[in-house]
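So the structure is just underneath, and the comments pick up after that.
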Amino acid sequence: MRKKRKQSRLLEVWHQLKKNKVAVVALFVLVLLFLVAIFAPYLAPHPYEKQNSKLANAGPSREHPLGNDRLGRDILSRLIYGTRQSLQMGIVSVAIAAAIGILLGSVAGYYGGWVDNLSMRLLDIYQAVPMFLLSVSLAAILGPSLRNAIIALGIGTVPGYARIMRASVLTVREKEYVEAARAINASDIRIIFKYIIPNSIGPLIVQITMGVGSCILAGSALSFIGLGVQPPVPEWGAMISDARRVMREHPTHALYPGLCVMISVLACNLLGDGLRDALDPRLKN
Amino acid sequence: MVRFIIKRLLMLIPVMLGISLVVLILIDVTPGDPARMMIGAQATQEQVEALREELGLNDPLPIRYGRFIWQLLHGDLGTSLMTKRPVATEMWERFPYTLTLVVLGTTLSVILGIPIGIYAAVHQRTWKDNTAIFLSLISVSMPSFWFALLLIRFFGVYLGWLPISGVDDWKGWVLPSGAMALGLTALIARQMRSDMLEVLRQDYITTARAKGLTEGRVVYRHALKNAMIPVIMVIGGIFGVMLGGSLITEVIYSIPGLGQYIMTGLYNRDYPVIQSGVLIVSALFAVIILIVDVIFALVDPRIRSQYTRKEKRKAGRQLAKETKTVETS
């Protein structure tokens, strides 16, 4: 019974979302990117690390549709493999941030009092550091690698999720069903996980969708300054950084990876906008 | 008002203490020995040990933290391990560059973003509005460092109008501030648009129109002031994004500002630089937010009156108390 109702709620959102053509296209693009990331070895025409000094900086050809970079590596293949790194950075770091944020926000909101006060003051400290400076410092201190960049981005973006969650929990905890749960002597943990979190997570969905986009963006910036994915593994931001050396003669080398970042972030933002309208049609103007 | 500012400044102290503690702990738990970095790989273990002792790296964490705070109170931010110069002096020299960059970038995004937002709102549901929204979405989704490179390639290399790096004259500032402003212009425009649409639906706008005012007067005199308030809030946060963004922009355009300084410090594990850099930039950010909040209070009569009313209420209470004491005595 409960499952059915949950499904119908999802279906309702989906029906709303379907009306918004732009959001559907964005969702399609994201699914496509996901598939590209999964099937990269089958889609890429060449191995991403294969160097061919004869073809260094070569223009587009039938063999290499987007040309070759300064080490003679196939740019298209590198872009395809790069999808993996960028999506990982976007999705995993948001998962980390959202998980911590949800936990912190629901505990703070549910218990209130000094727990709430303490966690909010901690978040104040957190948010006093500009987010990108925090991520860069964390990534640099932890040492440059994909894993550490993901951790840095994840930790750097917690406060936003925690605050939204807390605000949402504050309204949910006054609901009758929470009182009912308390009346049948359910434990706090049970109440938080079974009643509070599922019912207050709605407003976070939009934030999470857009968060994936902004983490892809910030992740590419980390790789660009050498604090993210390390060579020879391809990543869009790192490819742009690499292309800087031949920017004067071959500007297209930097153009393609930037476009890839832009398209994926744009897709996340458009889907986020669409979801916001679908979840709460009143907000639409 | 003064009380409000002082209270906010006092609230900053625990926040800053927290930040410096966290940075210190982070540097402490990560591998890599700053002393080893300083004197190079060929130094003997004894030399490294001696240097560690000299730098006070062997002291327990609370002592180092206390020492850092003590020095901070005396305006001493430590000495850079790389350049051997006081961090405070070096940061002070670099501060004007970052400030100029951030102020220019913010001004540019405000000057562009607000009119675009108004324009889009006034032309809601037309192709003009759609184009503006679409362009702003694209600009938000673009990596700013990528845009910066494209600007260099086009205006610096292809057209040859502007220098590709360095800020020796005003021309050098054009591209960096443009690159910084792009995404934030879009952000402001979006915020302005949605606030404007919200305000234009209010009753007092209908009244203004019913009075027979021209549409321009309605929008600019009656709607704009009310729609501006949330936009000012956004501008405060934007400074934070700008300060973060200055890290990359300054490196790309070789601007000798705080961002570049911190980046160099991070690459070299120059921990006094990292610690003070994060702290000072955060303090700067906090002060800017405070200034924005004060402006906010000054602009919005509703918030302004809260303060005066509070003062008046207090004055009233004071008066009541005094009369009471007079009566009883």
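Observations on the model:
- Between helix B:127-141 and chain B: long-axis angle, C-alpha atoms, 0 to 90°, nearest 10: 20
- Sorting A:CYS215, A:CYS260 by the number of Cβ atoms found within 10 Å of their own Cβ, with the fewest placed first, yields A:CYS260, A:CYS215.
- Rg in Å to one decimal, and Dmax rounded to a whole Å, for region A:161-285 via C-alpha atoms: 21.5, 72
- Share of pairwise Cα separations in region B:108-186, more than 18 Å, in percent: 49
- Each of A:SER264, B:SER139 was scored by other Cβ atoms within 10 Å of its Cβ. Arranged with the fewest first, they read B:SER139, A:SER264.
- Kirkwood Rh and Cα Rg combined as Rg/Rh, region A:22-141: 1.20
- Geometric descriptor of region A:94-246, per residue, is 109 Å³ (volume of the convex hull of the Cα atoms).
- Most tightly packed first, judged by the mean number of other beta-carbon atoms within 10 Å of their residues, the peptides A:228-239, B:207-218 read A:228-239, B:207-218.
- Region A:76-158 gives an Rg/Rh value of 1.10, both radii derived from C-alpha positions and Rh following Kirkwood.
- Amide proton proximity set for A:ALA58, modelled H, under 5 Å, gap of 5+: A:ASN68
- Shape box of region B:94-267 [Cα atoms, principal axes, largest first, Å]: 61, 32, 27
- Farthest toward the positive end of the dipole of the protein assembly as shown, out of A:GLY72, A:VAL212, B:TRP146, is the Cα of A:VAL212, where the dipole comes from beta carbon charges about the Cα centre.
- Compactness relative to 2.2 N^0.38 Å, alpha carbon Rg of region A:1-92: 1.59
- Span-rule helices in chain A, defined as complete DSSP H runs reaching 20 Å or more along the axis (Cα) with Kyte mean at least -0.5: A:21-38, A:75-111, A:113-128, A:158-172, A:202-224, A:252-279
- Calculated log₁₀ intensity ratio I(q)/I(0) where the Debye formula runs over C-alpha points of chain A, q = 0.10, 0.13, 0.14, 0.15 Å⁻¹: -0.63, -0.95, -1.05, -1.14
- Value of D in µm² per second that Stokes-Einstein yields for the protein assembly as shown, Kirkwood Rh from Cα pairs, at 25 °C (0.890 mPa s): 91
- Relative to the Cα centre, the charge distribution of the protein assembly as shown, modelled as +1 at Lys and Arg Cβ and -1 at Asp and Glu Cβ, gives a dipole magnitude of about 2520 debye.
- Rounded tilt (10° steps) of B:2-29 against the dominant C-alpha axis of chain B: 40
- Dividing the Cα radius of gyration of chain B by 2.2 N^0.38 Å, with N the residue count, gives 1.30.
- Here region B:2-73 has an Rg and Dmax of 16.9, 57 Å, counting Cα atoms alone.
- Over region B:198-257: Kirkwood hydrodynamic radius from C-alpha pairwise inverse distances, Å: 14.3
- Against chain B, whose longest principal axis is taken from its Cα atoms, helix B:61-73 shows a tilt of about 60°.
Bear in mind that the values in this text are calculations on the coordinates, not laboratory data. Predicted model, so just to flag it, every value in this text is computed and none were measured. Methodologically, a virtual Cβ is constructed for each residue, glycine included, from the backbone with ideal geometry; neighbour enumeration extends over all protein chains shown.
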